[in-house]
Amino acid sequence: MEKIKLYSIYTDDNLALKERFVSSLKDDWEIELKHWDALGQDQCCFGRLGFISLMRKRTEYYLDVIKGNQGRIVIFSDIDIQFFGKCNDVILETIKDKDLLFQSEHWPDLSINGGFIVVRCNQKTIALYQALLDRKFEKLPFYEQTAMNDILKENTIGLFWGILPKQFWAKSHGGVPPLDILLHHANACKPKKKTAKQC
């Protein structure tokens with residue numbers, strides 16, 4: 001089987017996160033990191049225009065990745081993730097009869113978090129990301145993540161999807177991380193300090 005490819009984007013605003021992300025990787029994956037120029041001073045501030053523009057651009061990019069990797073398994077990852085163990089075997093075991101795997105937003109709830117997604121690149125996952133782009137997700141509470149949850153609930157595409165184990169831990173899960181944690185997604189976090197140039 002071909003190596004899993006992992007895709008992530010970063011900007012000058014999150015170079016420190018990018019360094020931690022890369023240095024913590026434990027798996028022998030093909031890593032594709034894209035540096036993007038800023039789409040506005042507020043792109044790191046959830047809910048601001050720059051942030052929303054970045055989410056649409058990222059969704060378009062992910063659709064292109066799926067089209068270009070038919071038959072492969074890829075990972076779409078936020079850059080605010082730190083790895084603590086090898087994930088490859090758990091991912092391959094969990095996705096074997098599915099098109100996609102997501103991190104749970106509130107474990108073990110089936111609402112998904114869009115920050116770490118494992119995708120089997122096929123016509124159904126192309127249709128999913130095209131449907132996502134067709135939604136006006138800029139007006140939804142959590143933007144493309146809310147739209148993704150809605151599309152998965154409707155599931156007119158016939159997707160087989162699931163939730164990654166709790167070892168794929170996110171701050172939004174609450175409580176303390178499991179002892180066998182494989183990664184930590186620092187979602188639902190705020191900067192320690194805001195400057196006049198930040199939101």
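The values are calculated or read from the model by the stated rules, or taken from the named source; none is laboratory data. Computed from a predicted structure; not experimentally measured. Every residue, glycine as well, gets a Cβ built from its backbone with ideal geometry; the counts of neighbours run over all protein chains shown.
When the range 70-98 is filtered for residues that are assigned to a loop (DSSP other than H, G, I, E, B) and buried (at least 19 other Cβ atoms within 10 Å of the Cβ), the ones remaining, listed by number, are Asp78, Ile79, Asp80, Cys87.
Residues of the range 156-175 being part of a loop (DSSP other than H, G, I, E, B) and either in contact with a helix residue (DSSP H, G or I) (Cβ under 6 Å, 6 or more places away or on another chain) or at pLDDT 95 or above (or both), which ones? Across the range 156-175, the qualifying residues are Thr156, Ile157, Gly158, Leu159, Phe160, Leu164, Pro165, Lys166, Gln167. Residues in the range 125-180 that are crowded, with 16+ Cβ neighbours inside 10 Å and among the basic types (Lys, Arg): 2 in all.
Whenever a residue of the range 143-171 is more than 12 Å from Phe102 (Cβ to Cβ), its partners that are among the hydroxyl-bearing types (Ser, Thr, Tyr), lying with C-beta atoms within less than 8 angstrom and at least six residues away or across chains, give the pairs Glu144/Thr59; Lys166/Ser104. Of the candidates Glu2, Glu32, Glu19, the single residue that is at pLDDT 95 or above, acidic (Asp, Glu) and outside any helix (DSSP H, G or I) is Glu32.
Glu138 meets each of the listed conditions (1) farther than 20 Å from Gln103 by Cα; (2) modelled with pLDDT of 90 or more apart from (2). Under 25 Å from Asn149 (Cβ atoms), at pLDDT 95 or above and either in contact with a Ser or Thr (Cβ under 8 Å, 6 or more places away or on another chain) or among the charged types (D, E, K, R) (or both): is that true of Leu63 in this structure? Criteria not met by Leu63.
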